[in-house]
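No lab work stands behind these numbers, since they all come straight from the coordinates. Keep in mind the model is a prediction, meaning the values are calculated, not measured. We place every Cβ from the backbone using ideal geometry, glycine too, and count neighbours over all the protein chains shown.
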Amino acid sequence: MEHRFELPAAYKKWTMGLVIAGLAALVYGIIAYHPFTAPVHHVAGEAAHGATHSEGTRFWAVLLQNCTYWLLVVNAAMFFLCVTTMAHGGWQIAFRRVTEAISSAVPLLGIIAFIIFIALVALHRTDIYHWLDKDAVAADKILKNKSGFLNPYFFLIGSALTIFLWWILGKKMRTLSLQTDNKAMDYEETKGWIWKNTVWASLFTVVFGLTVASTTPWLWLMSIDAHWYSTMFSWYTFASTFVSGMALIALYVMWMKGKGELEYVSDEHIHDIGKFMFAFSIFWTYVWFSQYMLIWYSNQPEETRYFVDRIGTAEKAGPYKAIFFLNLILNFVAPLLILMKKATKRNYSTLSLMAIVIIFGHWLDFYQMVMPGTVRDHAGMSFFEFGIAALFIGIMMWSIGRYLISHPTTAKNHPFLKESIIHHT
Amino acid sequence: MAGGVKKFVVGSFDDEAVLFPAVKNVRKQGYKIHDVYTPFPVHGLDHAMGLRETSLHTAGFIYAITGTCTALGFITWIFTKDWPLNIGGKPYFALPAWIPITFELTVLFSAVGMVLTFCYLCNLAPFVKKHHFHPRATDDLFVMAIECTDKTDDSAVQNFLQNAGAKEVNVQIAETGWWIGRYDKEQKLYKDEQGY
C-alpha cells in the first residue's frame, strides 16, 4: 500500500464544526428571515420598506454572495493549473496535487450555486435580480434591450452550461494527472501525455476566459444592478477570485508542508506563490481603480449610480462607505506593504496571515458587490453572514480533504517534477 | 580611486560545477575572495560566496515613496493653491484623477533611482575603468580573484586553486578600485591572445 495522507483530527473537527455552525445559521435564516415569502418590489433608488421585509432579501443575498465567491475561488485553482500547464511550467509540480484538490470542490460548490440560482428564479426573487420582474422589464427601455441576455432561461441555461464545463474540463485535467501515478511513462508516452494536457488545459482556459472573464460575473453579479454596466467588472471579479485562489493554495501548501507532506516543496515554491498573491493584489487594484476612475471621471448618472449606492455622495455618505474603503486597505495596502519584502513571502506565519487577510478581504469585496443592490441600507454583518461563509468553507474543506486523502499528494511521475525540485527563484 | 594596488591570485574555471565547490573550499580555507567574474549570471553564486543580500530593493522603495510624495504634493499644490482650475465641475482636490500620474512618477523615480544606484554600486559610468583579471571572463571563463595580504603565501594559494580545478592560475598586481582614463596597454583582441 502506497503512502496516503491522513487528515489530522483537528481538520476533520474544524470541517464538521464549520458545516454544523453553517447549517445552524442556514436553519436560523430560514426560520427568522422568511426567505420563501414573496419579495417586496422596490423601485431603483428607493429604499426597501422596513427591515422585516428586507430580511428575506438578506437571506438570498448572503447565499448568492457566498456561493459565487467560493465557487469562483476554487475554480481559480484549476485556472492556475491550466495556465501553468499551457506555459509548460515546471515549478508548480511539487504542489500540483494541492491545486487539483482545491479545484475538486468545483462540482459540489457548483451544484449548490446552481440550486441557489434555480431557487432565485423559481421564487421570483425580483429583490435580488430586478430583471426577473416581467412587468418592470416591459416598462423599462434599458432592461427591455438587455432582456435577450437577462432573462430566466438564458440565466439558468448559461449558468448550468458554465458550471458543467468547469466541472468536466477540470475533471479531465485531474484524471490526466492521476493516470501518471500508476507507472512511469517512457519518452513517447510522456510526449503524448504532455500534448493531451496542453490541449485540455487550453480548452479549459478558453471556457474560463469566456465565462469568468466575461459572461459569468455579468449574469450572477453585475445583473443585480441591472441598469448599470461596466466593461471592467468581469476582470475585477476574476482578479478578486484569482488572488483569493492563490491565497487558498498558499494556505493549503503551507499546511500540508507543516504536516510533513509535499516533500519537494521548499521555501522557493512558497516564495513564488507569495509573489502571485502580491502581483495579483496589485492587478486587482489596477482593475478596481480603472473601473472606479473612468466612472468617476466621465460622471454619467447611470454609471455613477453604482458608486453612489456604495460610498454615497459628497453630501451624504453611503451605508457601505466603511466597507468600500476597508476593502481597499485589506486587498491593496496591506498586501502591497507586507508582501513587498522577500522575507515575508518566505515566512510561513506572515504569508498565512496575509492569505487569510486576502481571502477575507475579497469575501468582503463580494459582499459590497451584492449587498448595495439588494438589501440596500438594511445589510447586516452578523453571525448569519459569517455562518453562511462557514458553511461554504466547511463544504469546501470537506471536498478538498477528500481528494487529498484519496490520492498521493505528490505527482511523482510527472515529467517536469525534477524542474520543480531544483526550482530556484 | 578607492582601494589601492593589491596582489591577487587569479584562477580561471571553465565549468560551473567545478567553480561552486572551489568557491566553497577557498572560503573554508580562509582566503578572501575579492570577486568572481562570470560571463552570465550564475544562480546561487552570491550565496556560495557569502555575499549579503543587496539593499537595492530598499533603495527602490525609498525612491518610489519619494516619487509618490513628489507627485501628490506637487499636483496638490498646483491644483489647490497655485492655479485652481474648474475641470468639469470636479473638486479642486481631485484625487482619483491624479492616481495615474502618481503611479507613473512612483515608477519613474524608483526605476531611474535604482538604475543609477546600481551603476554606482557596480562602479559603472562613462570613462570609468576597472582592472580586468581575464578578458575571457566576458566570454567563457569563470574568473575567481583572491585577495592577498602580506602574510598570504601566494604559491600556496596557486597550488590550492590548481587542485580545486582551475584551468589557469596566475598572480596579478592590480588596482582594486576604479579610475578615470585609459588602460595601461592596448587590449588585445581574442584572436591575438595566447591559446586562441
Å³ per residue of the Cα convex hull, for the stretch B:56-121? 73 Å³
Where labels lie 7 Å past Cα in the beta-carbon direction, separation of residue A:30 and residue A:321 in nm: 4.0 nm
Over 29 Å between C-alpha atoms is what I'm after, so list which of A:342/B:81; A:412/B:24; A:13/A:321; A:259/A:418; A:12/A:171 land there. A:342/B:81; A:412/B:24; A:13/A:321
As straight-line cross-link partners of residue A:172, the qualifying lysines (C-alpha separation under 18 Å, not fewer than 8 residues apart within one chain) are A:191, A:196
Dipole of chain A, positive direction: furthest Cα of A:184, A:216, A:408, with charges on the beta-carbon: A:184
Cα-projected label distance for residue A:147 with residue B:180, points at 7 Å along beta-carbon direction, nm: 8.0 nm
Length gained if residue A:297 through residue A:214 is fully extended, taking 0.36 nm per residue and subtracting the Cα-Cα distance, is 27.5 nm
Which net charge results when you count Lys and Arg as +1 and Asp and Glu as -1 among the other residues whose beta-carbon is under 12 Å from that of residue B:167? -3
Pick from A:59, A:383, A:283: which is most flexible by mean-square fluctuation in a GNM of chain A where alpha carbon atoms under 10 Å apart are linked? A:383
Here the net charge surrounding residue B:6, from other residues whose Cβ is less than 11 Å away from its Cβ (Lys, Arg +1; Asp, Glu -1), is -1
For chain A, average projected area of the Cα convex hull in nm²: 20.7 nm²
A:153, A:129 arranged by Cβ crowding within 10 Å, fewest neighbours leading: A:153, A:129
Pick from A:312, A:110, A:274: which residue has the top mean-square fluctuation in a GNM of chain A where Cα pairs under 10 Å get a spring? A:312
At R0 = 51 Å, how high is the FRET efficiency between residue A:336 and residue A:402 if r is their beta carbon distance? Nearest 0.05 is fine. 0.90
Between residue A:349 and residue B:95, the two model label points (7 Å from Cα along the beta-carbon direction) sit apart by a distance in nm of 3.3 nm
What's the angle, to the nearest 10 degrees (0 to 90), between helix A:233-258's Cα axis and the longest principal axis of chain A? 40 degrees
Which of B:65, A:395 has the fewest other C-beta atoms within 10 Å, and how do the rest follow up to the most? B:65, A:395
Once you've got the GNM for chain A with C-alpha springs shorter than 10 Å, pick whichever of A:375, A:27, A:73 has the biggest mean-square fluctuation. A:27
